[in-house]
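Only one structure is covered here, and it is reproduced in the block below.
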Amino acid sequence: MKTTTLNALAEPNRLQIIELLREGPLTVGEIADRLHLRQPQASKHLKVLSEADLVEVRADANRRIYRLRPEPFMEMDAWLHTFRSMWEDRFDRLSDYLNQLKKSDYP
């Protein structure tokens, strides 16, 4: 996973834009309206998200329509899966240990 992905998502407005785009493609104006941002602010955040390859843009006349790119999120999910597996193993071992303690306390 690229660090640019995490850096792009670390900013609250950009994370909110990602959440909005989960529902489907939106124009810059729609994003700005829903997040109560000025259009130049929304465009600046979308540029960062685009440079991080999290969103893609398509021109429709004079409008720019943004949508999520699934690949970076699938990559992030695969990366996070390694941590999930590690913690699940640790919780399983903890559960086994607690069960052993419970059995040893009761004759």
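The values are calculated or read from the model by the stated rules, or taken from the named source; none is laboratory data. Predicted, not measured: the structure shown is a model, and the values here were computed from it. Note: ideal-geometry Cβ built from the backbone for every residue, glycine included; neighbour counts use all protein chains shown. Please note that ligands, DNA and RNA were not included when accessible areas were found on the heavy atoms of the full protein model with its side chains. Shrake-Rupley method; radii C 1.70, N 1.55, O 1.52, S 1.80 Å.
Scanning the range 75-85 for residues that are surrounded by 10 or more Cβ atoms within 10 Å (Cβ to Cβ) and either of a type in the set (Phe, Trp, Tyr) or modelled with pLDDT of 80 or more (or both) returns 75, 76, 77, 78, 79, 80, 81, 84.
One residue alone among 71, 23 is charged (D, E, K, R) and not in a helix (DSSP H, G or I), and that residue is 23. Filter the range 16-30 down to the residues that are surrounded by 15 or more Cβ atoms within 10 Å (Cβ to Cβ), closer than 24 Å to residue 76 by Cα and either among the small types (Gly, Ala, Ser) or in contact (Cβ under 8 Å) with a residue 24 or more places away in the chain (or both) and list them by number. Selection gives 17, 18, 21, 25, 26.
If you go through the range 31-64 and keep only what is open to solvent by 20 Å² or more (accessible area, probe 1.4 Å), assigned to a helix (DSSP H, G or I) and touching a residue at least 24 places away in the same chain (Cβ under 8 Å), you end up with 41, 45, 48, 51.
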